[in-house]
Every structure is written in structure tokens, then in C-alpha cells.
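Shown next, in C-alpha cells, is the structure this report addresses.
The values are calculated or read from the model by the stated rules, or taken from the named source; none is laboratory data. Just so you know, these numbers come straight off a predicted model, no measurement behind them. So basically every Cβ, Gly included, is an ideal-geometry build from the backbone, and we count neighbours across all protein chains shown. Quick note on the areas: whole protein, heavy atoms, side chains included, nothing else; ligands and nucleic acids left out. Shrake-Rupley method; radii C 1.70, N 1.55, O 1.52, S 1.80 Å.
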Amino acid sequence: MLTTLVPLIVLFPLAGFLFLGLLGTRIKNETVLGLIGSGTVGLSFLSAAWIFLSMLAWDAVDRSFSVELFPWIASFTGTPSSFSSSFAYRIDQLSILMTLVVTGVGFLIHVYSIGYMQGDRGFWRFFSYMNLFIVAMLNLVLADNFLLMFLGWEGVGLCSYLLIGFWYTRKFDVGGYKPGTAFTNDAAKKAFVVNRIGDVGFLLAMFLMFDRFGSLNFDSVFGAASVLSPGNVTVFWIALLLFVGATGKSAQIPLYVWLPDAMAGPTPVSALIHAATMVTAGIYMVARCSVLYALAPDVLTIVAIIGAATAVFAGTMGLVQNDIKKILAYSTVSQLGYMFLAMGVAAFGAGIFHLMTHAFFKALLFLGSGAVIHAMHEEQDIQKMGGLKGAMPVTFWTFLIGALAISGIPPLSGFFSKDEILWKAFSSDYGSPILWFVGAGGAALTALYMFRLVTLTFEGESRYDTRALHPHEAPKTMTVPLIILAVFSVIGGFVGIPESLLGSNALEHWLEPVFRPANAKLALHPHDPELIEYVLMAVSVSLAAAGITAGRTLYLKRKDLVEQLQALFVRTYKVLWNKYYVDEVYDAVFVRPTVRLSESLLWRGFDVGVIDGLVNGSAAVTAKLGQWLRRIQTGVAQVYATVFLGGILLVLTWLLFR
Amino acid sequence: MIDLHTYLGLSATGFILGVIGVVTRRNAIIVFMSIELMLNSVNLTLVAFSSFLGDATGQILVFFVMTVAAAEAAVGLAIIIALFRNKQTVNIDEINILKW
């Protein structure tokens, strides 16, 4: 019974994608299209929920099983270099949690999109892409081998590309360089290309796994790897290359640059793909491969450092942005950094916990920003907003809940997950006080930029033309998902209340069997609740509170202080405003040399010179030869007769004297 | 009794004269006549062999050849007349438009 339910999780959205993609143009009724688009995801969520509820009743050992749909690839069977891979889904504590998040949050965002995309020319196209995204994402999280995971991995990348460039005729401001010249297509291309760079890492890791272990199945690879000693060079490279893939997909240093530009897409896309689900694929992959990372402690350190650095680095950039969605984008990059920090200190459960709570509150924040953008008629600059609190109360209150949750204010969900990460960063055998310090600083930054955003958008004076623009609350299809997500942003953390706060940390116990092999390899020392844990908790909460207060004070009451600060740190401000010139550096170091090389050598040299040269050359040679040979045809019949005679004489001579 | 070699020698001489005429002469009518000469030389060969072998097939074939040659002569002359009407000449050096 349950094994038949597993493929259904994926088949529902697949059917939705095929139906909408093939017949969408014929259906003119947006309600029907929207119901199909979101309904399929809803059914998928119900299937996943059914499986989850059944799993709750089972013993922990039965909770992990795989369902083979069909054999996919089988080559060189029977030889030493044989390779086989099947289309198999794995259900376990980790994948079912991810499936619930993807389909649950995905469903709410689909419903929201019915309101947000109302009247759009590509309404059906939007929903078919979104359904395809859900299919690919589910393949990614449910896969039982690396190859199928890669299929989903590339699939979500494709959907991300399609949806970032969804409004392909629109101009898009990429910020610092070449303002006003880019189209949303350019942002989509950037996302695609940067992701491809990461994917090379993933591919190389797969090649290495196949070369060394002869298989790409999770069980075989992890089984073969766990025989090796920790620090083995093979596992080191596999783990590192996989992490390169993760930095691309999950927007970490040095490949984070695509995510802020990805905001060119419609807001529900940013919420679903670039906040709640796709960008967490890297976290999921690291968690899935926890055994490999446990065997490569050096890579764990790299992961932790990259994660912590990204958390702070992205936070500082978010501090000065004025585009409502870009602030949230940098915030996403920063929060993903926290999750990688958790992975890096071997707190896999904490990372997944933050992934889940982040999916709730970041989807909420994005959808809220979408409601604001909708009300402001596509205005995204928070300097031109203000005072929207009264006009859109539901959006304001839900947005405020999201902002409090992300800032880590107890007892909202973000507090529990972020605090667990920070505590693990401090106390874990792989953590250090420095990592905690960086993380806590990032938490203060988070609170500051979030409340700068909230204050500038919803409070204070209206800075838009109140005669021309009358902001209004979003329709029900948009506010209901906001309210549901707000509820989850509040209560979502209760599944992971730590023992030190008299909770049971249910989520960590639920996930524990998945990470048991990794934890066994790492030989972690468990920590009992200590005084220092409460102290650190208090410090991080007060940092968040300080950030909130600072944000509110600076941007509501003491605007003069903001200007003074800007004048005082004019250079720092300029660097931040230009996003550390990273895009410019990449442009100068990688993009332009590549373009120049392609233009001079590959285009003008090889393509025009060699390829076109060969084609045109053979044509020219033939023409020359024809010019010369046509002189044989004199048109004088007697010449032909003479040649004819000569030929006969030749044949006769040959016949007679051979 | 004249032997076969004489007939064949005469036939070959006629044929070669015809070939030389076709290749060297400029007047289309004379070229045409040379072709007829070649044709009839071959006829002579056929008849000679027929007589030598005591088999009538060769002679019957010659009748057919003559019939076809008559038809061909009509067509050939018609072509020459058509050419003359177009080009006001039957000098085949000037009739050289059958090229590229």
C-alpha cells in the first residue's frame, strides 16, 4: 500500500506539469489552471503526509526503505566495469521531512501564486514550470542514488532558470555594473552558468565514486567508504567536490552571486525556489552524505568556515540594499550559511532543523514582500515605501512574525533552530568559540537588516505619492497562505526544543537514525546542559534584541543618525553598496577573459577560420575545379566526335594488344 | 568468287572515310553524308558475313538498319533545315551553343 503511494508523490505534480504544459494554452480559465497547478501539489503533500503518519507508528528500523520503480541504466553487465542505476526512491526520516517541506510549503506558495499571477499572460506556463520544479525537487530529495539525485539537481536548476527569466521581456537592474542594460534573461543565464560551475564538482565527485567504489547507490557508496580510514584522500576529494556542488546550488561563497540576481523572477518563485526549497538542496545533500563528511574532517572544517563566512558576509551586504527582495535574498544566503555552519560542526540535525524553520519564515517573508510589491504596483524600493502598516494589516503582522522568527526571538521557530546551531558551533568537537562568535555577530546583523526592512516598509511616513497610489490588502488566496506560514513560523520550532529548555528535541531524535553512522565515525561527545549554554543563549537573544532596537530606532526615529553613520563610514558604505565589488571582480577575472578568448580564438579563430573555412573552402575548390573543367565542353560537335573516336581507339587498342 | 577479306577491307575503308569526314568536314550536310557512309559500310559487313556464314539473319538486320536509316535521314535533314533557319548557316563550327 505505502510503496504504491511513494511514486504517487512525484506522479501528481508530474501529471500537473504535463497537463498544464501541453493543454494550458487551451484553458482560458485561471481558476481551473490554478486549481490544477496547486491541487496536484496538495495531493502530493497528502500522500507524503500519509506516509509520514504511518511511519510515526513504526519502529525506527522500519522507517527507512527504498522503492524501486524500474531499472534505469544497466551497461556492461557482467564485466568488471559494469554500471547500473535504478529509478528508486528512498523513504527515510530525512527524505520524508524534506518531502513534507517541499510539498507543504510548495502547496501554499502555489495557492498564493493564483492571486499573485492573476492576469499574467503566462499564467498556465507559470504553473506548469512550478509543477515541474516540484517534480525535480522531489526527485532530488527522494533519490536512492547519486545519479537520480543529480537528475533532480539539474532539473531544479533548469526550472530555476526558466522561472527567473519568466518575465523575459522585462528589464532588470543587476546593480553595480551596467545598470539598466540587463534583462531578466541575463539574471537567469547567470544563475544557470554559476550553478553549472558547481555541478562540475558534483559530476567529478560522482566519477570519483564510480571509479573507486563501482556504484552510485547511497548504500553501496557509504558502505564502501566507511571501510576507509578517516582522512582518506579519496573520501576527502569526494566530500570536497560534492561541497563545491553544494556551494553552487545553495549560494555559498564563492558561488553565491547568482542568488541576489535571481530575484528577477516572480516573487512566488523567489519564495519557493530561491528561499524555501531549491537552495537548501546543498544542505540536504551534505546531510545525506554525512558519512562521507564524517570521514573527511578537513572538509567539515572547510564547510564550517565557508558557512560562517557566508553568514556574515551576506548579512553585511543585506544591510544597505534598498530592493525589498534583494535584502531577503542576501538574508537567504546568510541563513544558508548558518545551515552549512551546522553541517560543518557535525550538527546535521540542527542544520536540517534550521532548513525546515527557515523554509517557513523565509517563504513567509518572501510572500509578504510579494504582497507589498503587488500593492505598490511593482515598486520594490523600500525607500519609496513606508507606512504600509495601516493599509495592509495582515501582511504587516505576518511579515513581522517572520522577521521576529528569523531574528531568533523566543519562542518563535527561528530561535530554537538558530540557537541550536550556535550552541553546536560553540560546543561541538568540531566547533570553536570563534565560529560561535561569527555566528552570533551574524545573528545581530540579521535582526538589524530585517528590522530596517520592516521599519522602512511598514512604519513611519509614507514616502510614495499617496494621491496616485492607494495600497490595499492582498486577496484571500494570498493572505491565507501568509497566515498559515506565520502560524508555522511560530510553532515550527516546537519540534526541536532542546533538553536544556526542558524540551525533548523530537526532531533530532527523529533524524538520529539517519545520522547515526556519521556520528559513530565522528565519536562526538554529548554535552549535558551547562550554564554556558544558557549564557550563550542569553547573549544571542540580547544581540538579536539589540539589532531589532537599533533597526527600529535608526530608521524610525533617528534618521539623522543613519545619515551621519553613512557620512562617517562613507567608504565602507560604498563598498557594501557595491556588494564588495564581487560581481565586478568576477566580471574582470572570469567573464571578460572568457568572452574575449571565445571571441578571438573560438569564434573568429576556430569557428570562422577552421569550421567555416573548411566548409567554404571545399565549396571554393569545387567551384575552381568546375571553372577549369568546363572548358572541355566546347559546344563543337566535332570535338566531341573526335574525343569519342579517340576513346574507341584506346579501347580497341587495349582489347587487341593487352 | 570474291573472298570475305575483300568485302571487309572495302567496308573498313568506307567506315574510316566516313569517320574522317565526320571529324574533319565543316559542312553539316557533308558530315551527315559521312555518317550515312559509315552506316552503309557496317551494312556491307553484315551482308558479307551473312553470305559467308550462309545465315540470312544478317541480311534481314540490314533491312531494318536501312529502314531506320531512312527515318534517321529524314530527322537529320529536318534538324539541319531547322539549324539553317535559325543560324543562316550549316557550318558546324558556328553551331557551338551546346555548352555551359
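Checked against the criterion of being within 18 Å of residue A:352 (Cα to Cα), in a helix (DSSP H, G or I), open to solvent by less than 70 Å² (accessible area, probe 1.4 Å) and modelled with pLDDT of 85 or more, the candidates A:533, A:508, A:584 yield just one match: A:508.
Comparison of A:435, A:469, A:448, A:422 shows that the only residue that is part of a helix (DSSP H, G or I) and more than 26 Å from residue A:500 (Cβ to Cβ) is A:448.
Here is a yes/no grid of residues against (1) free of Cβ contacts under 8 Å to residues at least 60 places away in the same chain; (2) more than 30 Å from residue A:344 (Cα to Cα); (3) touching a Phe, Trp or Tyr at 6+ places or on another chain (Cβ under 9 Å); (4) polar (S, T, N, Q):
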position: A:391; (1), (2), (3), (4): no, yes, no, no
position: A:400; (1), (2), (3), (4): yes, yes, yes, no
position: A:409; (1), (2), (3), (4): no, no, yes, no
position: A:413; (1), (2), (3), (4): no, no, yes, yes
position: A:421; (1), (2), (3), (4): no, no, yes, no
position: A:425; (1), (2), (3), (4): no, no, yes, no
position: A:449; (1), (2), (3), (4): no, no, yes, no
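Within the option set A:571, A:631, A:592, being away from every other protein chain (no Cβ under 14 Å) and surrounded by fewer than 10 Cβ atoms within 10 Å (Cβ to Cβ) holds for one residue only, A:571.
For segment A:204-215, the set of residues classified as surrounded by fewer than 18 Cβ atoms within 10 Å (Cβ to Cβ) and in a helix (DSSP H, G or I) consists of A:204, A:207, A:208, A:210, A:211, A:212, listed by residue number. Residue A:437 fulfils the conditions (1) within 25 Å of the chain's Cα centre (by Cα); (2) of a type in the set (Phe, Trp, Tyr); (3) surrounded by fewer than 23 Cβ atoms within 10 Å (Cβ to Cβ) except for a single criterion, (1). Applying the condition of being over 23 Å from the mean Cα position of the chain (by Cα) and away from every other protein chain (no Cβ under 12 Å) to segment B:77-100 and asking which residue is nearest to residue A:636 (Cα to Cα) yields B:87. Residues that are at the interface with chain B (Cβ under 9 Å from one of its Cβ atoms), closer than 14 Å to residue B:19 by Cβ and among the β-branched types (Val, Ile, Thr) within segment A:634-657 comprise just one, A:642.
Take the conditions part of a helix (DSSP H, G or I), within 11 Å of chain A (Cβ to nearest Cβ) and out of contact with any Lys or Arg (no Cβ under 7 Å at 6 or more places or on another chain) and apply them to residue B:35. Does it pass?
Considered against the rule, which asks whether it is part of a helix (DSSP H, G or I), within 11 Å of chain A (Cβ to nearest Cβ) and out of contact with any Lys or Arg (no Cβ under 7 Å at 6 or more places or on another chain), residue B:35 comes out as yes.
Within segment A:333-349, is even one residue under 17 Å from the mean Cα position of the chain (by Cα), farther than 21 Å from residue A:416 by Cβ and part of a helix (DSSP H, G or I)? Yes. Comparison of B:24, B:45 shows that the only residue that is in contact with a helix residue (DSSP H, G or I) (Cβ under 9 Å, 6 or more places away or on another chain), of a type in the set (S, T, N, Q) and within 14 Å of chain A (Cβ to nearest Cβ) is B:24. In the list A:275, A:239, A:287, which residue meets the criterion of being within 22 Å of residue A:95 (Cα to Cα), in contact with a Cys (Cβ under 8 Å, 6 or more places away or on another chain) and surrounded by 24 or more Cβ atoms within 10 Å (Cβ to Cβ)? After ruling out the rest, the residue left standing is A:239.
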